[in-house]
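A quick write-up on the structure given underneath.
The numbers here are math on the coordinates, done by the rules we state, and not lab data. What you are looking at is a predicted structure, and each value in this text was computed from that prediction instead of being measured. Note: ideal-geometry Cβ built from the backbone for every residue, glycine included; neighbour counts use all protein chains shown.
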Amino acid sequence: MNRRLLLGWAAAITLLGLMPAARAEEPPIRIGMSMPQTGGLAGGGKASLLGIEIWRDDINARGGLLGRKVELVVYDDKSSASETPAIYAKLLDIDKVDLLFAPYATVPTAPIMPLVKQRGLLLMGNFSFQVNSKVHHDMWFNNAPWGPADSWATGFLTLGQKAGGKTMALLSADQEFAQNLATTARDVAKKLDLNVVFDQAYPPSLAEFSSIVRAMNATKPDIVFVASYPPDSAAILRAVNEIGVGDNVRIFGGAMVGLQFAAVMENLGSLMNGVVNFNTWLPEPSMYFDGTKEFFETYSKRAVEAKVDPLGYYLAPYGYAMGQMVEAAANATKSLDQKGLAKYLHENTMQTIVGPITFAENGEWKESSTLEAQFRGVKDKNVDQFRSPGKQVILFPDRLKTGDLITPFEKARE
Amino acid sequence: MQRRSIAFWLGAVVFLAAMLAMTQLVRNEYPFFAGYVILQFVVLAVAWTILGGYAGYVNFGTNAFFGVGVYTAVLLVKAFGAPLPVQIATAAVVGSLLGLGVGLLTLRMRGIFFSIATIALAIIIETSITNFRFVGGAAGIQLQRPPVTAPFDSYVKMLFFVQALLVVIAVAITRGIQNSRIGRGLHALRDDELAAECTGVPTLRLKLLACVISGALMAAAGAPAAMYLQYANPDSAFNLNYSVSVLAMALIGGTAHWIGPVLGAILLGATQQLLAVTISSEVNVLVLGVMLVLFVVAAPKGVIGLVQRQPKRRGGSK
Amino acid sequence: MFSIDLLRDAVVLGVLLGCFYAAVSIGLSISFGLLDVPQVAHPAFLVLASYGVYLLNDRYDIDPLLAGLMLAPLFFALGIITYRIYYETFERRGSDAAVRGIAFFFGVAFIIEVLIIVQFGVDQRSVTAPYIGKAWRFGDLRIPIRQLVAFAVAMGLTVLLAAYLSKTFMGRAIRAVAQDEEGLRLMGADPIRVKQVAFGIATAVVAVAGALLIVVAPVEPTLDRVYIGRTFCVVVMAGLGSISGTLIAAIILGVAESIVLTLFGASWAPAISFALLLGVLAVRPQGLLGR
């Protein structure tokens, strides 16, 4: 009898002991997204995805989210807007994912905004620009540090004005992102009372920029704001190097996409010296937060295997931060209820590896953290030089600043 | 002939009824998203075949017609908030005018000259749209869908059915052409334009007609895409991939009979949709190229050539 | 904004740009212009050559132009194989060759594009050479040296090919095959053989042009799409198969593009060049110096 009782107790205790284990075998939390893995945006898309994957592995190593393993469901959208509606419909209706992340960049994201709004779903945005300005979805949160739409141009143009600039030239690619930026740049120029003396949009397939740079020089601008895409950014800098821009130019750059990617930086090398350009993360002392260093240690190792951008400053840490924000919201609300998560994200400041993030009404960062940094002392054909501080000195915003602008542009190039 | 017609229309009604029933019974929305894209390609491939298959004029500018359809819809929505049927009808008219323009401009061009001219046209139109700020220009434009009309409970299901309707219209027109004197004229024109002209076939008028009809159908197929994506930018609307895919679909299916492009579009369209959510890598772009090359080399008459061994004989009366 | 200085610079830079366009189009002028092969994959071959040059330059520090020359024999062989396949599957079977031939080369272009992506990734690549990134000054006019290199190579290719086609036996045979295949056969030459060699030469020239492509600007795997329009525009405008016409047409295109870029809206540049092509096609389908 006693024995039986003992056995019974033992069985009961074993069962109880098994309970947590059974809990751990609950179905995983599935996060769905499309990501550009072919086409023009693939370089950025792959780096961003690696950042998100590192977060997934970290959180699973810590025992998962709300005790459940995290799984990613990722499809390639070919960098195109026409692929994403079907992909997100599949993620929602067939794969039945628990949470949605947006694909990298504006174009693939734009078509899914109405879909998530209509279904009342939380969408974590991934480096798109002003994609929510017309849709007004209140459960949208952009991981990119753009902040208010005009803060980007404001940073650059204020720097130029402080350096004595009065006239501005605007050279922009005739594609969506660059045109959106150019529009805000024109507004900001008006506000700052800068005279726009040159304003050209060049076609995306342009091979040779000598003529354009020549035409721009004829207008003798003090500030040159360039909004360009990767292939053109390199070609523009080459033409500038060959043709020159004259001593009147105080500051050059602003929004050249491409100078954030290791392959382009390695190719251009010393051509970039003096250019002031935007970035989102740089290995400067002011940019390290809790976990940042560890993240980049892991990233540099895994980037080699995955054949993606070896530096990964621009997108990868923000992919990780996207995960961290969801993690913080889920842990605080103890659920995956999307309304609850959105409410938390709206009302709180999340600590991430890219610093504290607070959201404004419209789902963008309350305060811009877009860096304007100047390239200095860069040598040719060397990726690893960019890992040390001082190669890209942060000039803006003030709270993250690590140096002052060297001006005029021609002098800064030496 | 009569019997075949009855069978065809019966088939069309059954097809539409099945599609309609599907929109009412299936709750899951994904099949409609994917199905819409496939049906859209069916219309494009069938329309392409009128000019490319029957007349032998290879149109590389499918993207121009498609994009014009998209932007006609965008313009109408932006300016007047026009409803979907108006968007499609207007797009068809604009597309037919564009087709007429292409036809007139390329009257004397044969073979690859015609193809190059259509590429050039696509780039000119894309550039114009890029510089047209009212429809968003290079930055693209986001659109709001109006509320859905009964009996549909979601806009995508409605678009799916509308596209199915367009498929029936496109196939009916193409079939009509194939079985009429127009079709035989185009065929003669394709085999030997000079000989056809000498024997009294009105080659110029036939070519213009083919351009107009093909253009109208392609633009009509593009129009609902504006509301499907709720977003339009020149890059996506005028993407060269439309031209390549449609060309591949028509040639893989076979261009001697209207069923060819239908089969090709379903086959390739479904493969692409499937690969997009399975392999999801460079490989699915590769599939398009490899299938295209394999078929033009190994199966010159496409899928219908493989299936129907019997040589031409019944050609005209199908 | 208009000034004589600007116009002068635009013309000078335009001529140089035009010479670059001539260099990348000249292979097509043979393969499509003389041989009537719808070589839509020409720009894809061009980009492929650029990546070959990149590989040689990056790994072994070989000068890009020299690397282009080193690749030329390889591309000659590639051209011969390509033509053989095209002939066996399309030309010999007669009717329908045009339609399916275009589709075939379109597919080949697509495959090349993807293979480059798989091997090199989607990032753009560029080469280093002493003449890249520097400029010559003439008074206040500055000309990038890489543009002068393109100019020199284009001139060299034009002169060499024109001489080859008019002076040597094989060259004359190539021109003869373009005009009268039967006549050539009667003279005891094998027209297919001749065409094969001609296509090989056209493809070998592409290797050198590919080196120029990556010297002038960085390349990326999908760059070929941009050049389909440009190269065919040049060749058609030139009048099929005219080597000197190719140079002239390319310079007209380059100058037109450069003037529009400098003096009017840059965003209209692509449309202008194609409008030029459509105009020529509609008014004078045989091209400027057509046969």
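Quick one: which residues, 5 or more positions from residue A:65 or on another chain, have an amide H under 5 Å from its amide H? H modelled 1.01 Å from N in the peptide plane, none for Pro or chain starts.
A:70
Give the order of A:335, B:115 when sorted by the count of other beta carbons within 10 angstrom, beginning with the fewest. Show your work: numbers first, answer last.
Values: A:335 13, B:115 26.
Result, fewest neighbours first: A:335, B:115.
For helix A:151-162, report the angle its Cα long axis makes with the longest principal axis of the Cα atoms of chain A; keep it between 0 and 90° and round to the nearest 10°.
Approximately 30 degrees, to the nearest 10.
Would you calculate a helix-derived [θ] at 222 nm for chain C, using -39,500 (n - 2.57) for each DSSP H run of n ≥ 4 and dividing by the full residue count, to the nearest 500? Before the final figure, lay out the partial values.
Working: 11 runs with 208 residues, N = 291.
Taking each H run of at least 4 residues, the total per residue is -24500 deg cm²/dmol.
Calculate the spin-label point distance for residue B:172 paired with residue A:133, positioning each point 7 Å from the Cα along the beta-carbon direction, and give it in nanometres.
My value for the distance between the label points is 4.5 nm.
Roughly speaking, what % of Cα-Cα pairs in the range B:1-57 are separated by over 20 Å, rounded to a whole number? Provide the component values of the computation, followed by the final result.
Details: 776 of 1596 pairs.
In whole percent, the long-distance tail amounts to 49.
Three principal axis extents, largest first, for the C-alpha atoms of the protein assembly as shown, in Å?
The Cα atoms of the protein assembly as shown stretch 106, 82, 62 Å along the principal axes, largest first.
Among DSSP beta bridges lying fully in the protein assembly as shown, give the percent that are antiparallel, nearest 5.
Values: 20 of 55 bridges.
Antiparallel bridges: around 35 percent, rounded to the nearest 5.
Counting only Cα atoms, I'd like the Rg/Rh figure for the range B:161-260, Kirkwood definition for Rh.
Ratio of gyration radius to Kirkwood radius for the range B:161-260: 1.04.
Taking the Cα of residue A:118, stepping 7 Å toward and past its beta carbon, and measuring to each backbone N in the range A:343-373: which are under 13 Å?
Under cut-off, by backbone N: nothing.
With a cut-off of 8 Å between alpha carbons and a minimum separation of six or more residues, what is the relative contact order of the range A:32-147 in percent?
Values: 185 pairs, mean separation 30.0, N = 116.
RCO, the range A:32-147: 26 percent.
Identify the residues of the range A:267-300 with backbone N under 15 Å of a label point that sits 7 angstrom from the Cα of residue A:387 along the Cα-to-Cβ direction, or state none.
A:283-284, A:293-300
Using amide H atoms built in the peptide plane, which far-off residues or other-chain residues are under 5 Å from residue A:312 H to H?
Close amide H contacts, sequence-distant or interchain: A:262.
Cα convex hull of the range A:162-245: how many Å³ per residue?
Details: hull volume 7.3 nm³, N = 84.
Cα-based convex hull of the range A:162-245, divided per residue, equals 87 Å³.
Order of C:242, B:5 from fewest to most other C-beta atoms within 10 Å? Don't jump to the answer; show the numbers that get you there.
Working: C:242 22, B:5 12.
Going from least to most buried by this count: B:5, C:242.
When 1/r is averaged over all different Cα pairs and the result inverted, which Kirkwood radius in Å belongs to the range B:164-209?
On the way: mean 1/r = 0.0893 Å⁻¹.
Radius from the Kirkwood sum: 11.2 Å.
At 0.890 mPa s and 25 °C, plugging the Kirkwood radius over alpha-carbon pairs of the range C:90-236 into Stokes-Einstein gives what diffusion coefficient in µm²/s? Each step should come with its number before you reach the end.
On the way: Rh = 18.5 Å.
For the chosen part, D equals 132 µm²/s.
Each residue of the range B:231-243 in order: what ³J(HN,Hα) in whole Hz does its phi give by Karplus 6.51 cos²θ - 1.76 cosθ + 1.60, θ = phi - 60°, with x for Gly and Pro?
6, 9, 9, x, 3, 6, 5, 9, 5, 4, 4, 4, 4
How far is it, in nm, from the label point at residue B:278 to the one at residue A:360 when both lie 7 Å from their Cα along the line to the Cβ?
Placing both labels 7 Å along Cα→Cβ, they lie 4.6 nm apart.
Helix C:64-86 versus the longest principal axis of chain C: what angle, 0 to 90°, nearest 10, using Cα atoms?
30
Test of understanding: ordering B:182, B:112, B:123 by Cβ neighbours within 10 Å, fewest first, what list do you get?
On the way: B:182 20, B:112 23, B:123 26.
Neighbour counts put them in this order, fewest first: B:182, B:112, B:123.
Which far-off residues, 5 or more places away or on another chain, put their amide H under 5 Å from the one on residue A:126, with H placed in the peptide plane?
A:102, A:105, A:143
Once the cut-off is 34 Å, how many percent of the Cα-Cα pairs in chain B end up in the long-distance tail? If you can, show how the numbers build up before the last one.
Values: 10045 of 50403 pairs.
I get 20 percent for the Cα pairs in chain B exceeding 34 Å.
Restricting everything to alpha-carbon atoms, can you work out Rg to Rh for the range A:234-278 with a Kirkwood hydrodynamic radius? Spell out each step's value before the answer.
Details: Rg = 10.4 Å, Rh = 11.0 Å.
Taking Rh as the inverse mean 1/r over Cα pairs, Rg/Rh reads 0.94.
Provide Rg and Dmax in Å for the range B:93-159, with only Cα atoms included in the calculation.
17.8, 50
Below 8 Å between Cα atoms, with a sequence gap of 6+, how large is the relative contact order for chain A in percent?
Details: 808 pairs, mean separation 73.7, N = 414.
Across chain A, relative contact order equals 18 percent.
How high is the relative contact order of the range A:183-323? Use alpha-carbon pairs under 8 Å, at least six apart in sequence, and give a whole percent. Please list the in-between numbers first.
Values: 130 pairs, mean separation 27.0, N = 141.
RCO, the range A:183-323: 19 percent.
For the range C:99-108, what does the Karplus curve 6.51 cos²θ - 1.76 cosθ + 1.60, with θ = phi - 60°, yield as ³J(HN,Hα) per residue in whole Hz, taken in order and with x for Gly and Pro?
After applying 6.51 cos²θ - 1.76 cosθ + 1.60, I find 4, 6, x, 4, 4, 4, 5, 4, x, 4 Hz.
Can you give me the angle between helix C:224-238 and the longest principal axis of chain C, using Cα atoms only, in degrees from 0 to 90, rounded to the nearest 10?
It is inclined by approximately 80 degrees.
Can you tell me the dipole magnitude for the range B:2-239 around its Cα centre, using point charges on the Cβ only (Lys, Arg +1; Asp, Glu -1), in Debye to the nearest 20? Don't jump to the answer; show the numbers that get you there.
On the way: 15 positive and 8 negative charges, 85 e Å.
That gives the range B:2-239 a dipole magnitude of about 400 debye.
Using r as the Cβ-Cβ distance of residue C:167 and residue A:219, and R0 as 45 Å, what FRET efficiency do you calculate, to the nearest 0.05?
Values: r = 51 Å, r/R0 = 1.13.
E between residue C:167 and residue A:219, to the nearest 0.05, is 0.35.
For chain A, report the % of Cα-Cα distances exceeding 34 Å.
On the way: 28245 of 85491 pairs.
So the portion of pairs separated by more than 34 Å is 33 percent.
Which value does Rg/Rh take for the range C:49-168 over its C-alpha atoms, Rh per Kirkwood?
Details: Rg = 19.0 Å, Rh = 17.8 Å.
So for the range C:49-168, dividing Rg by the Kirkwood Rh gives 1.07.
Using θ = phi - 60° and the Karplus relation 6.51 cos²θ - 1.76 cosθ + 1.60, list the HN-Hα couplings for the range C:270-280 in order, rounded to whole Hz, with x at every Gly or Pro.
Listing the rounded values in order: x, 5, 4, 5, 6, 4, 4, 4, 4, x, 4 Hz.
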